[in-house]
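The values are calculated or read from the model by the stated rules, or taken from the named source; none is laboratory data. Quick caveat: nothing in here was measured; it's all calculated off a predicted structure. Reconstructed Cβ throughout: ideal geometry from the backbone, glycine too, with neighbour counts over all protein chains shown.
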Amino acid sequence: MKIGYGVNRIVLLLPNLKLAIKFPFAYYNIRNAFYDLREKRGKKEDIPWLSIRLRFVKNLFRFFFRACRINWREFTYYLKRRHPIIQPTYFSLLGLVNIQRYGVPIPCDTGRPGYNKQFTFQIDAIFKGILLNKGILLRQYSDPHHFRNPDNFSIKNGQLCMHDYGEAHVQKALDLFGEILFQNYDPNRVITFEEWCDKY
Ligand SMILES: Nc1ncnc2c1ncn2[C@@H]1O[C@H](COP(=O)(O)OP(=O)(O)O)[C@@H](O)[C@H]1O
Ligand SMILES: [Mg+2]
């Protein structure tokens with residue numbers, strides 16, 4: 001059993017059962033809000049300490065409801081689309097807990113966990129292709145970082161699969177580019193750094 005830390009959720013990974021269980025706990029946001037709180041505490045600010053604390057609590061609620069909404073949207077999007085590029089979400093308890101199929105992580109090729117340069121190079125190559133052929137830019141529809149981050153993807157039967165697709169802009173981009181990504185991603189393709197600099 002392992003734990004996956006995301007921007008909005010904390011994930012219990014059970015590879016033996018082929019399941020990933022997602023809870024609405026915005027680990028990184030909560031950590032940042034906590035550091036922010038600690039930092040402000042020591043300073044003499046115009047804002048009263050009580051209101052800083054209230055803002056912290058308000059943020060905790062905001063992160064929680066946002067993560068629940070993302071969990072819920074992930075489930076309903078899967079029910080609606082069922083495209084092979086998306087990792088199946090089997091169940092959601094109103095966003096409080098989601099049960100998703102486990103996917104094999106994209107290996108890391110840089111020594112930095114969850115960071116695969118080849119993955120990012122290939123995503124750039126695929127989207128450059130879309131840009132040339134159709135004149136559509138991923139940036140208009142989604143945050144490109146989300147798609148360039150191997151942490152949001154896994155490999156299922158040798159093909160690319162996305163497991164973080166709860167946000168509306170990501171879903172919109174998947175509607176448009178999901179099939180192209182699915183067809184064009186090749187885990188064995190190698191793009192050199194020079195080629196990437198020149199062409200993509
Ligand atoms: N279905 C899955 N299979 C394998 N790992 C997963 C799966 N879902 C999530 N993870 C792991 O948990 C981390 C956080 O999950 P993610 O869906 O990206 O949440 P967030 O929306 O908070 O970024 C991912 O970066 C990944 O490492
Ligand atoms: Mg993520």
Self-check item: Residue under evaluation F147, criteria (1) in contact with a helix residue (DSSP H, G or I) (Cβ under 9 Å, 6 or more places away or on another chain); (2) more than 13 Å from ligand 2 (Cβ to nearest atom); (3) part of a helix (DSSP H, G or I); (4) not acidic (D, E), criterion not met
Solution: (2)
Practice problem: Keeping to segment 52-100, report how many residues are small (G, A, S) and out of contact with any helix residue (DSSP H, G or I) (no Cβ under 6 Å at 6 or more places or on another chain). | Solution: 1
Self-check item: Among the residues listed as G111, G166, G129, the single one being in contact with a helix residue (DSSP H, G or I) (Cβ under 8 Å, 6 or more places away or on another chain) and part of a loop (DSSP other than H, G, I, E, B)
Solution: G166
Quiz item: Any residue at all in segment 92-109 that is of a type in the set (D, E, K, R) and more than 29 Å from M1 (Cβ to Cβ)?
Solution: no
Quiz item: In segment 68-108, what residues are more than 13 Å from ligand 1 (Cβ to nearest atom) and assigned to a helix (DSSP H, G or I)?
Solution: T76, L79, K80, R81
Practice problem: Check Q118 against each of (1) among the polar types (S, T, N, Q); (2) within 16 Å of ligand 2 (Cβ to nearest atom); (3) touching an Asp or Glu at 6+ places or on another chain (Cβ under 7 Å) and name the one condition it does not meet. | Solution: (2)
Quiz item: If you check every pair at least six apart or on different chains, which have Cβ atoms under 7 Å apart with a residue in segment 137-157 that is over 13 Å from G6 (Cβ atoms) first and a residue that is assigned to a helix (DSSP H, G or I) and among the basic types (K, R) second?
Solution: Y141/K172; S142/K172
Exercise. Look through P150, P144 and report the one residue that is modelled with pLDDT of 90 or more and either surrounded by fewer than 19 Cβ atoms within 10 Å (Cβ to Cβ) or touching a Ser or Thr at 6+ places or on another chain (Cβ under 8 Å) (or both).
Key: P150
Quiz item: Quick one: what pairs do we get from segment 97-126, first residue at positive phi, second among the acidic types (D, E) and modelled with pLDDT of 90 or more, C-beta under 9 Å, 6+ apart or different chains?
Solution: G114/D151
